[in-house]
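To start, the structure under review is shown below, and the notes come after it.
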Amino acid sequence: MISSKAIPHKLVANSNSGWINGFIGILIFSGSMPATRAAVQGFNPLFLTVARATIAGLLALCVLLLFREKRPAREHIFSLAIVAAGCVIGFPLLSALALQHITSAHSIVFLGMLPLTTAIFGVIRGGERPKRAFWIFSILGSLFVIGFAVVQGLSASPIGDILMLLSIILCGLGYAEGAKLSKTLGGWQVISWALVLSLPFMIPILFFLLPPSFSEVGTSAWVGLAYVSVFSMLIGFVFWYRGLAQGGIAAVGQLQLLQPFFGLALAASLLHEKVSIGMVAVTIGVILCVAGSKKFAK
């Protein structure tokens with residue numbers, strides 16, 4: 001007979017594992033904006049989006065065949081299409097287009113709104129019901145990051161800002177939908193099947209957009225393409241979807257508040273972009289908000 005104390009302990013352990021997996025996913029995603037910024041210096045944004053999806057899709061197909069995974073059921077196709085539209089196509093394309101107008105440091109700050117959009121779609125699509133205090137910490141954390149963006153000059157490029165905002169909305173939807181589906185299909189299987197589902201569209205477009213020569217593409221652009229294809233588009237999602245499924249979409253999604261600051265540190269060190277000293281104070285505030293939202297998530 002199962003002890004009554006065993007179930008709560010198991011739930012706590014599962015929740016903690018969710019936060020650990022989610023944190024690893026965020027660390028991987030933090031390099032996405034600097035890597036994309038480096039990649040668009042040598043590749044057209046549309047070609048970059050298609051290339052990263054194709055590379056990741058072919059890798060995912062190999063993994064699915066290696067482990068002999070069963071095909072997803074018909075009722076899963078719609079959800080996988082949403083994941084593909086948000087995470088495989090929408091966010092990569094719109095963010096790459098935005099990075100033609102703004103710096104990676106500027107774009108990273110917009111990611112501060114991603115936890116809130118993920119939580120909202122977690123309620124709409126995942127049926128989660130966080131406590132009122134959770135929403136207070138979530139909104140406060142987003143305001144910290146948005147305020148930081150305003151101080152840095154949010155109106156630097158209206159086109160870039162609008163593109164980033166649209167990418168955040170689509171990404172939040174893709175995160176929430178993928179996390180919900182991960183509970184039945186599995187974390188790495190969700191992103192893998194979403195990528196494979198995109199391949200019939202991506203491969204023809206890739207050949208159509210293929211440039212006549214790559215001779216002028218620098219090493220940093222190739223490294224950026226490799227990172228966003230393998231880590232941002234595939235490996236990061238393995239940890240991220242697992243974390244969201246284990247710890248809750250709205251709750252673990254708050255870890256995304258830390259992503260802008262990991263990314264800003266990378267932008268400063270790798271791309272030598274200017275980062276304000278106010279980042280330290282805002283980071284502390286964001287960490288406190290993440291801790292508060294974790295406490296009141298359920």
### Enumeration of residues in the range 96-137 that are in contact with a Pro (Cβ under 6 Å, 6 or more places away or on another chain) and at pLDDT 80 or above
Ala96, Leu97
### Summary
Just one listed residue, out of Gly42, Gly25, is crowded, with 24+ Cβ neighbours inside 10 Å and either closer than 22 Å to Phe239 by Cα or over 13 Å from the mean Cα position of the chain (by Cα) (or both), and it is Gly25
### Flag if Thr49 is closer than 28 Å to Leu143 by Cα, of a type in the set (S, T, N, Q) and in contact with a Leu (Cβ under 8 Å, 6 or more places away or on another chain)
no
### Query
helices (runs of 4 or more DSSP H) wholly in the range 66-141 with at least 2 residues that are in contact with a Phe, Trp or Tyr (Cβ under 6 Å, 6 or more places away or on another chain) and surrounded by fewer than 23 Cβ atoms within 10 Å (Cβ to Cβ) - which ones?
none
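Okay, residues lined up against (1) at pLDDT 90 or above; (2) open to solvent by 60 Å² or more (accessible area, probe 1.4 Å); (3) over 28 Å from Ala51 (Cβ atoms); (4) not β-branched (Val, Ile, Thr):
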site: Val150; (1), (2), (3), (4): no, yes, yes, no
site: Leu166; (1), (2), (3), (4): yes, yes, no, yes
site: Gly186; (1), (2), (3), (4): no, no, no, yes
site: Phe207; (1), (2), (3), (4): yes, yes, no, yes
### Query
Is the range 57-64 home to any residue that is modelled with pLDDT under 95, part of a helix (DSSP H, G or I), open to solvent by less than 10 Å² (accessible area, probe 1.4 Å) and aliphatic (A, V, I, L, M)?
no
### Query
Do we find that Ala281 is assigned to a helix (DSSP H, G or I) and at pLDDT 70 or above in this structure?
yes
### Summary
Of (1) assigned to a helix (DSSP H, G or I); (2) loosely packed, with under 15 Cβ neighbours inside 10 Å, Gln254 fails just (2)
### Message
Here is a check on your reading of the model: is Ser232 of a type in the set (Gly, Ala, Ser) and open to solvent by 20 Å² or more (accessible area, probe 1.4 Å)?
### Response
no
### Query
With (1) open to solvent by less than 70 Å² (accessible area, probe 1.4 Å); (2) of a type in the set (Ser, Thr, Tyr); (3) part of a loop (DSSP other than H, G, I, E, B) as the list, and Ser215 as the residue in question, which single condition is left unmet?
(1)
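The values are calculated or read from the model by the stated rules, or taken from the named source; none is laboratory data. Keep in mind that what you see is a predicted model, and the values were worked out from it rather than measured. Neighbour counts are summed over all protein chains in view; Cβ atoms, including those assigned to glycine, are modelled from backbone coordinates with ideal geometry. Side chains are part of the model used for accessible areas, which takes the heavy atoms of the whole protein and leaves out ligands, DNA and RNA. Shrake-Rupley method; radii C 1.70, N 1.55, O 1.52, S 1.80 Å.
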